[in-house]
Amino acid sequence: MIKLAVSGCCGRMGQSITALALNDKDFKIWALLENPERLDTPEKICNMVVSTDARVLKGAHVLIEFTSPEATMGHVKFCQQNRINMVIGTTGLTQPQMAQIKKASSKIAIVFSSNMSVGVNLVFGLIRQTAQITGKNYTMVLSETHHVHKKDAPSGTAKTMAQIAEQHSKNKVKEIASIREGEVIGEHTITFESPVDLISIRHHAKTRDIFAQGALVAAKFLSKKKKGLFNMQDVLGLK
């Protein structure tokens, strides 16, 4: 059984992950962690104590992290010291922060992905294939829509889509449009346009459970790993 810790347990993603893990016999919820500066943190979630002290993570096999870049980097250091594997879905990380995560993966196993959804990772593969074929003959444009609470723009997923498209087409994405409205969970579209046609690849998230489910799949993947840096393409065997 995998001893699972969830950081940011009071957030939308944290609550989804916790609820799904409670109904999965492969997991035991070991610790629930929340930001000590959060004012509305309850004492318990699903009859389990919520802690604001990272030391509660000791003894966990895997920590799933959907928080802020600052909190994530603190937990990376703690997990490295205590040999706790990590699933990181935090977005908005800088290149130096990513370099620190890569360095930590020499000691522990980490799955990092801008999007844990199985469907989105299938879309990444479609973008790669399309970009390889269309090359510089098509103009590429991206758009992404999220809820008004999302702080980073463009989204981490949109950035990954652009990176894949540019790498395999040897062409630049012309534009990334970011829209923040209502409670939209996540919608991403990339178009490849030529003078004679337009190709559109779109993914629409209907519920946050798709990200939570993917994070739990990644946690199971890490239960058999000791160290290394992986992404959801590795987890799903899509490479």
It is to be established whether one or more residues within region 157-164 are among the aliphatic types (A, V, I, L, M), farther than 11 Å from residue 190 by Cα and in contact with a Phe, Trp or Tyr (Cβ under 9 Å, 6 or more places away or on another chain).
yes
Here are some conditions: (1) among the small types (Gly, Ala, Ser); (2) assigned to a loop (DSSP other than H, G, I, E, B); (3) on the phi < 0 side of the Ramachandran plot. Residue 59 meets all but one. Which one does it not meet?
(3)
Being touching a residue at least 24 places away in the same chain (Cβ under 8 Å) and farther than 21 Å from residue 216 by Cβ: is that true of residue 58 here?
yes
Would you confirm whether or not region 125-142 contains a residue that is polar (S, T, N, Q) and within 19 Å of the chain's Cα centre (by Cα)?
no
Residue check, residue 212 in contact with a strand residue (DSSP E or B) (Cβ under 7 Å, 6 or more places away or on another chain), over 25 Å from residue 132 (Cβ atoms) and either among the basic types (Lys, Arg) or touching a residue at least 60 places away in the same chain (Cβ under 8 Å) (or both):
no
Could you please tell me which pairs satisfy a Cβ distance under 7 Å, a separation of 6+ or placement on different chains, a first residue in region 1-20 that is surrounded by fewer than 18 Cβ atoms within 10 Å (Cβ to Cβ), and a second residue that is at pLDDT 95 or above and in a loop (DSSP other than H, G, I, E, B)?
1/26; 3/59; 3/60; 3/61
Which residue is surrounded by the most Cβ atoms within 10 Å (Cβ to Cβ), if the candidates are limited to region 30-58 and must be under 23 Å from residue 112 (Cβ atoms) and among the small types (Gly, Ala, Ser)?
31
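Could you pull out the residue among 178, 143 that is in contact (Cβ under 8 Å) with a residue 40 or more places away in the chain and surrounded by fewer than 18 Cβ atoms within 10 Å (Cβ to Cβ)?
Numbers: 178 fails: in contact (Cβ under 8 Å) with a residue 40 or more places away in the chain.
Being in contact (Cβ under 8 Å) with a residue 40 or more places away in the chain and surrounded by fewer than 18 Cβ atoms within 10 Å (Cβ to Cβ) holds for just one of 178, 143, which is 143.
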Examine region 189-206 for a residue that is closer than 17 Å to residue 113 by Cβ and either touching a residue at least 60 places away in the same chain (Cβ under 8 Å) or within 16 Å of the chain's Cα centre (by Cα) (or both), and state whether such a residue exists.
yes
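Identify the residue in region 62-87 that is under 20 Å from the mean Cα position of the chain (by Cα) and in a loop (DSSP other than H, G, I, E, B) and, among all such residues, is surrounded by the fewest Cβ atoms within 10 Å (Cβ to Cβ). Before the answer, list the steps.
In the first step, residues of region 62-87 are kept if they are under 20 Å from the mean Cα position of the chain (by Cα); the result is 62-80, 84-87.
Then drop every residue that is not in a loop (DSSP other than H, G, I, E, B), which leaves 66-68, 84.
Details: 66: 26, 67: 22, 68: 16, 84: 24.
In this case the residue turns out to be 68.
Of all residues in region 88-122, which are among the hydrophobic types (A, V, I, L, M, F, W, C) and either farther than 20 Å from residue 203 by Cα or assigned to a strand (DSSP E or B) (or both)?
Hits for region 88-122 are 88, 93, 98, 99, 101, 104, 108, 109, 110, 111, 112.
The values are calculated or read from the model by the stated rules, or taken from the named source; none is laboratory data. The structure presented is a predicted model; accordingly, all values stated were derived computationally and were not measured. Virtual Cβ from ideal backbone geometry, glycine too; neighbours counted across all protein chains shown.
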